[in-house]
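Every read-out reported here was derived from the displayed coordinates using simple, explicitly stated rules and does not represent laboratory data. All values derive from a computational prediction rather than experimental measurement. All Cβ positions, even for glycine, are placed from backbone atoms using ideal geometry, and neighbour counts span all protein chains on display.
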Amino acid sequence: PQPQAPRRHQLRMAVGTVSQDEMKKIVGYKAVDDYVKSDMLVGLGTGSTAAFAVERIGEKLKSGELSNIVGIPTSERTKEQALSLNIPLVTLDDRYDIDVAIDGADEVDPNLDLVKGRGGALLREKLVEECAKEFVVIVDETKLQKGLGVDGAMPVEVNKFCWKFVMDRIKGLPSIKAVKGCRAELRMQDGDKPYETDNQNYIVDLYFDEPLADAKQAASELLGVTGVVEHGLFLNMATVCLVGKPDGTVDAI
Ligand code: 5RP
C-alpha cells in the first residue's frame, strides 16, 4: 500500500451505526448507481473511497447491469484494480471526452472546493477530473470542513531536481507563509526514502494551524513556482459531493 499523509483527526473507530469504511462503500456504490450509465467513459479515482466505486463498476459490468464502459484510471494502483476487475481502460492520450469522473477527497469545504492528494495521485486526478463533464466527489462526513488546509497535509507535487530550493520558495509564498503555524515536509516512504509519485516526482506536504485564508490566491502562487508540478487544491471543479453519513444514508451537496 502507498503511504498516506496523516490526517490530524483520522477517524478509526466505527461511528454511529456504520463504520467509516462502510460509509465509504455506501457512497462509492451510490455514485456509480446514480451517475454511471452504459457506454460512458469514466474517470476512475484513487484512494480507499474511490476503490469502492471501481469495485461497483466491475461488479455491474460482470452482472451485465452496465455494458461498454471504458475507464481512465488516475493512478497505477487504480489501473491495477480496474484491470483485475476486467474494466476496459484507455489513457488521456487516447481519449479525453470523459462523461463522469468519480473520486474521493481529503477535505471538502462548503463551496465544494477540495484538498486532494494525500494518496499521492493529485496530478493525474486533476488532469482526468478537469476533462470530465461531471466530477462526482465521494466522501464520508469526516471530510467536510469549514475551510481548506486545516485537517492534515495540503500536498504539492514537485520536481525532484532541487526540491529543497522549491520547498523553501513554497514556504515563502505570501499566501502560504501568512497562515498560522505553516510548515512544510518532504513526504517520506519507509522512514528514510522520499515518497515518489507515479510521475516520479516528490511531494511536499504543507501543514497549517488554521485554514488557508485565500485558497485561490494560494493555488495561483503555487503554480508560479518553477519546480511545482501541481498542487492539491481542486477549486471550482466538483459538480456534486456525495457524503456518506454514520446512519448509512448519503447526502448530496
Ligand atoms: C489520492 C486522493 C484521494 O482521493 C484522497 O486522498 C482521499 O482518499 P481516501 O478516500 O482514501 O480517504 O486524493 O491522491
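In table form, for the structure just shown:
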item: Share antiparallel - DSSP beta bridges, the chain, percent rounded to 5; result: 55
item: Candidate aspartates and glutamates - alpha carbon under 17 Å from K171, same-chain residues fewer than 8 apart omitted; result: E157, E185, D205, D209, E210, D214, E221, E230
item: Whole-number percent relative contact order across the stretch 107-165, with pairs defined as alpha carbons under 8 Å at least 6 apart; result: 53
item: Given charges at Cβ of Lys, Arg, Asp, Glu: the chain dipole, positive-most of A132, T74, Y207; result: Y207
item: The chain: relative contact order as a whole-number percent, Cα under 8 Å and 6+ apart; result: 23
item: Linear extension gain, M188 paired with A213, 0.36 nm per residue minus alpha-carbon span; result: 6.2 nm
item: Positive-end residue, the chain charge dipole about Cα centroid, Cβ charges, pick of G232, G149, S63; result: G149
item: Longest to shortest principal axis, alpha-carbon extents of the chain, angstrom; result: 54, 43, 34
item: Charge dipole (debye, nearest 20) of the chain; +1 at Cβ of Lys and Arg, -1 at Cβ of Asp and Glu; result: 540
item: MRE, 222 nm, helices only [DSSP H, n ≥ 4, -39500 (n - 2.57), over the chain, to nearest 500]; result: -8500 deg cm²/dmol
item: Cross-link partners of K30 among aspartates and glutamates (Cα-Cα below 18 Å; sequence separation of 8 or more within a chain); result: D21, E22, E55, E59, E65, D99, D103, E134, D140, E141, D247, D251
item: Distance in nm between pseudo-label sites at F161 and E130 (7 Å out along the Cβ direction from Cα); result: 2.1
item: Pairs of lysine residues in the stretch 44-142 - Cα separation under 23 Å, sequence separation of 8 or more or cross-chain; result: 8
item: Relative contact order (percent, whole number), the stretch 20-79, Cα cutoff 8 Å, 6+ residue spacing; result: 41
